[in-house]
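The values are calculated or read from the model by the stated rules, or taken from the named source; none is laboratory data. In this text the structure is predicted, and so the values were computed from the model without any measurement. Quick reminder, even Gly has a Cβ in these numbers, built from the backbone with ideal geometry, and neighbours come from all protein chains shown. In case anyone asks, the SASA skips ligands and DNA or RNA and just uses the protein heavy atoms, side chains included. Shrake-Rupley method; radii C 1.70, N 1.55, O 1.52, S 1.80 Å.
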Amino acid sequence: MPIICIGRQKIQSWRSWILVLLLGFGYLESARAGSASDAFADSLDPTSGQNPNLIAGIGDYFADWFKRVDETLAMQPNFMVPVFTVSPLLTELYRYDQYWEHLPNGGGNLKLFGAGKGLFLIPAKTIEVDFDIPPYEERSGKNPATGFGDYPVLLIKNRFVSANAENGNYMLSGFLAFTAPTGSNAFSTKNFAIAPSIAGGKGWGNFDVMATFGIDFPTGDVHKLGTPLLTNVTFQYHVASQNYVLNLLWPEVEVNYTYWPNGPFRGKNQVFLLPGLNVGHIRLYGRVTLNLAVGYQFAVSDAHPQYENNWILSARINF
């Protein structure tokens, strides 16, 4: 990916690459519909001034966008996206999260506005691409500071296998996240980072379990930042009911575990428990729905290198 090798002043060039990526998806989708072979033949003809079949295929790709999204969602379990953990589900939504963290050793509090979330799109039947927004942070206490955190430039998710509730109720996905060091001095790691992860889930009736495992790799200063191993497990239950309000409720418990095999926190670990509640899908208009989630994350391990507890509020507009 060009993101990790360009200078900070050229970070915005990723937008051009994403446009190319979407057009490529359009070509592939048109191929599935049987029109791309003709378009490709036209592209080999030096007398062809245009490629109408390819243009039509790309137009059909965008015209069929929501049909493709519906077909994608129908092929996976109907779990709820967890309060905190990145899920193996493919989703198309806009998400805003708010964190209120209490820092260790009397270090004060940290507010994260947005928490690095943003727009999630499904450009192909097994692909999700997330365009996130840098969080704005406010820290009080010993070292007060305000400013933006690093830029979570892109997350690409690929669903390997899946089955809906009628055919097994499981899924397995992999994703790759890229972060650019554009934040203010108080909050930036000063390093590009790459985070590969694998995630899966399985449901039994109204109960499901989702889990992720990933590694955060900085592209430099490993001895200062380390390469933390991230493990998250979510236990979720759907209060399925004929009552409309009760049917919206998805209580959950998450276990969030981080281990540092190297770096300044070498040998330390952090374990959080997060009881939470998802509410959704609340019908707004047409296909547009609203999900709300709230959770309280608290440390249960002895070492607290990050924060002691965290209130989380999340709003997701699904479309």
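The set of residues in the stretch 288-319 that are in a strand (DSSP E or B) and among the hydrophobic types (A, V, I, L, M, F, W, C) comprises V288, L290, L292, A293, V294, F298, A299, W311, I312, L313, A315, I317.
Conditions (1) small (G, A, S); (2) touching a helix residue (DSSP H, G or I) at 6+ places or on another chain (Cβ under 8 Å); (3) open to solvent by 20 Å² or more (accessible area, probe 1.4 Å); (4) in a strand (DSSP E or B), marked per residue:
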residue	(1), (2), (3), (4)
T72	no, no, no, no
P77	no, yes, no, no
Y94	no, no, yes, yes
Y99	no, no, no, yes
K111	no, no, yes, yes
P123	no, yes, no, yes
R139	no, no, yes, yes
K142	no, no, yes, no
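Let's see how each residue does on (1) of a type outside the set (A, V, I, L, M, F, W, C); (2) touching a His at 6+ places or on another chain (Cβ under 8 Å); (3) in contact (Cβ under 8 Å) with a residue 24 or more places away in the chain:
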| site | (1), (2), (3) |
| --- | --- |
| I194 | no, no, yes |
| G205 | yes, no, no |
| A211 | no, no, no |
| P218 | yes, no, yes |
| G226 | yes, no, yes |
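Selection of strands (runs of 3 or more DSSP E) fully inside the stretch 183-287 by the criterion of at least 3 residues being among the β-branched types (V, I, T) returns 207-215, 229-237, 249-259, 269-285.
Looking across the stretch 146-176, the residues that are surrounded by 15 or more Cβ atoms within 10 Å (Cβ to Cβ), aliphatic (A, V, I, L, M) and either without any contact (Cβ under 8 Å) to a residue 60 or more places away in the chain or at positive phi (or both) come down to I156, L176.
Would you check if V86 is surrounded by 20 or more Cβ atoms within 10 Å (Cβ to Cβ), modelled with pLDDT of 95 or more and in a loop (DSSP other than H, G, I, E, B)? So V86 does not fit the description; no.
Restricting attention to the stretch 304-319 and to residues that are aromatic (F, W, Y) and at pLDDT 95 or above, the residue that is farthest from I122 (Cα to Cα) turns out to be W311. Answer yes or no: is there a residue in the stretch 204-211 that is surrounded by fewer than 14 Cβ atoms within 10 Å (Cβ to Cβ) and among the aromatic types (F, W, Y). Yes: the stretch 204-211 contains one or more residues that are surrounded by fewer than 14 Cβ atoms within 10 Å (Cβ to Cβ) and among the aromatic types (F, W, Y).
This table checks each residue for (1) at pLDDT 95 or above; (2) of a type in the set (S, T, N, Q).
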site	(1), (2)
A195	yes, no
N206	yes, yes
F213	yes, no
L225	no, no
T234	yes, yes
L249	yes, no
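Take A186 and decide whether it is aliphatic (A, V, I, L, M), over 21 Å from the mean Cα position of the chain (by Cα), within 22 Å of P135 (Cα to Cα) and open to solvent by 30 Å² or more (accessible area, probe 1.4 Å). Criteria met by A186.
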